[in-house]
1. Could you check, for the range 246-253, whether at least one of its residues is within 16 Å of residue 172 (Cα to Cα), under 25 Å from the mean Cα position of the chain (by Cα) and of a type outside the set (Asp, Glu)?
2. Quick one: is residue 282 among the hydrophobic types (A, V, I, L, M, F, W, C), at pLDDT below 90 and crowded, with 16+ Cβ neighbours inside 10 Å?
3. Within the range 239-269, track down each residue that is charged (D, E, K, R), modelled with pLDDT of 75 or more and surrounded by fewer than 18 Cβ atoms within 10 Å (Cβ to Cβ).
4. Are there any pairs, at least 6 apart or on different chains, whose C-beta atoms fall under 7 Å, with the first in the range 321-350 and within 13 Å of residue 268 (Cα to Cα) and the second surrounded by fewer than 16 Cβ atoms within 10 Å (Cβ to Cβ) and of a type in the set (S, T, N, Q), and if so, which?
5. Among (1) over 20 Å from residue 177 (Cα atoms); (2) surrounded by 13 or more Cβ atoms within 10 Å (Cβ to Cβ); (3) touching a Gly at 6+ places or on another chain (Cβ under 8 Å), there is one condition residue 334 misses while meeting the rest; what is its number?
6. So, restricting to helices (runs of 4 or more DSSP H) that lie completely within the range 258-332, which ones have at least 2 residues that are of a type in the set (Gly, Ala, Ser)?
7. Against the definition (of a type outside the set (Phe, Trp, Tyr), surrounded by fewer than 16 Cβ atoms within 10 Å (Cβ to Cβ) and free of Cβ contacts under 8 Å to residues at least 40 places away in the same chain), how does residue 288 come out, yes or no?
8. Can you tell which of 300, 293, 279 is within 22 Å of residue 210 (Cα to Cα) and either among the charged types (D, E, K, R) or assigned by TED's automatic domain parsing to the domain that holds residue 212 (or both)?
Amino acid sequence: MYSVLIVDDDRMGRQGIISMMPWEKYGMIVMGEAQNGEKALEFLAHTMVDLVFVDLDMPVIDGISLMQKCKELYPNLLYVVMTFHEDFHYVQSALRIGAIDYISKLQMESTDCDELLKRISQRVEDNMHKKSMGDNGHRESVSKSNSKEINIVHAFEEKEWQSIVKRWNEMFWIYDDVIFEELCTSTRGLDLSIWRVAQVLLQLTSRAEESISKVHKDIPEYKNLDDFFKWLTSFRDALHKASSNETNLDNMPLSIMKIVVFIEENLGSQLHAEEIASKINLSRSYFSINFKKYTGMAFKEFVRRERIRKAKTLLVMKDAPLADIALDIGYEDVSYFIRVFSELTGMTPGEYRKQHSRKYNK
């Protein structure tokens, strides 16, 4: 994996590049971003990277000046320059300093990002192979024995992360609160950089916008994973709200999202697949197939789990008899409710209330 720093005075431009590019596909990780050359030098003083994507026209310290300074301090750094300048003589000065490629911002929207990053990654590989084994750059600042230990830990974390990325890519988190919470917790547990997480998830939010509903995505200046996941939660809530108000149900992901919202708002009612399917003009069998495809779970199982999830909240927040809790979530038979609750949680509703009410009231 090659580490990357994005340097651009346009915040939305920086985050757009982070979200647009398929970094991990081509062996790259975005380690951070900086708003100008001065901030980039501060970043590099404590976090070395392999490749810098740098805007040439910035205040304080511009791109050319940054590259010249870094050539003295960090001779092994590689650069991809970004510019609005169409005058190739201006770009040539950056190429002479050591840039391996350049991106025209004016053509960015029409650029094939996959092809662009493929080309850049190949040039990074070529440059790395040209360097001698005796290079005194930052890559040899770690002893061989420590490098081996670090590589073992990195390989384990990488395997875990790729497994989590696969689950994020399934998109079930858009529809399912439990899966969303599990993925957020699992991702936090790996202690990854905010940039590495954002570059994966921002691409998925763009995919969700295209396939589910148009939502205005105002990306914040997040400083850590907690900030980013708060924003991701609000983005997801906005998708649900937009879907519940949408009347055009020709789009299947949108239709399923609308049904998920309906289920969550009507857990106290009797919910039958045939009646639900009719709301989006589908046969029961076709609805069942697509519901499982997009949520990862059969309709009945999804409803059952959502009811028990709501029951957990009610048991802690409301001092009400179990029969009332059961009715609130759509179960008329309290014995059946207790059986289902026990199957899914491993304890009775009474045991759950006793255990978690104590925690809540502390």
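1. Going residue by residue through the range 246-253, those that are within 16 Å of residue 172 (Cα to Cα) are 252-253.
Imposing the further condition that a residue be under 25 Å from the mean Cα position of the chain (by Cα) reduces the set to 252-253.
In the following step, the residues that additionally are of a type outside the set (Asp, Glu) were identified as 252-253.
Looking through the range 246-253, at least one residue is within 16 Å of residue 172 (Cα to Cα), under 25 Å from the mean Cα position of the chain (by Cα) and of a type outside the set (Asp, Glu).
2. On the way: among the hydrophobic types (A, V, I, L, M, F, W, C): yes; at pLDDT below 90: yes; crowded, with 16+ Cβ neighbours inside 10 Å: yes.
Considered against the rule, which asks whether it is among the hydrophobic types (A, V, I, L, M, F, W, C), at pLDDT below 90 and crowded, with 16+ Cβ neighbours inside 10 Å, residue 282 comes out as yes.
3. Taking the range 239-269 and keeping what is charged (D, E, K, R), we get 241, 246, 250, 258, 264-265.
Okay, now just the ones that are also modelled with pLDDT of 75 or more, so 241, 258, 264-265.
Across the range 239-269, the qualifying residues are 241, 264, 265.
4. 330/269; 330/270
5. Going through (1) over 20 Å from residue 177 (Cα atoms); (2) surrounded by 13 or more Cβ atoms within 10 Å (Cβ to Cβ); (3) touching a Gly at 6+ places or on another chain (Cβ under 8 Å) one by one, residue 334 breaks only (3).
6. Details: elements: 273-279, 284-295, 299-317, 322-328.
So the answer is 273-279, 284-295, 322-328.
7. On the way: of a type outside the set (Phe, Trp, Tyr): yes; surrounded by fewer than 16 Cβ atoms within 10 Å (Cβ to Cβ): no; free of Cβ contacts under 8 Å to residues at least 40 places away in the same chain: yes.
Against the criterion (of a type outside the set (Phe, Trp, Tyr), surrounded by fewer than 16 Cβ atoms within 10 Å (Cβ to Cβ) and free of Cβ contacts under 8 Å to residues at least 40 places away in the same chain), residue 288 does not qualify.
8. Details: 300 fails: within 22 Å of residue 210 (Cα to Cα); 279 fails: within 22 Å of residue 210 (Cα to Cα).
Only one candidate passes the filter, namely 293.
The values are calculated or read from the model by the stated rules, or taken from the named source; none is laboratory data. All of these numbers come straight from a predicted model, not from anything done at the bench. Ideal geometry is used to build each Cβ from the backbone, glycine not excepted, and the neighbour counts take in all protein chains shown.
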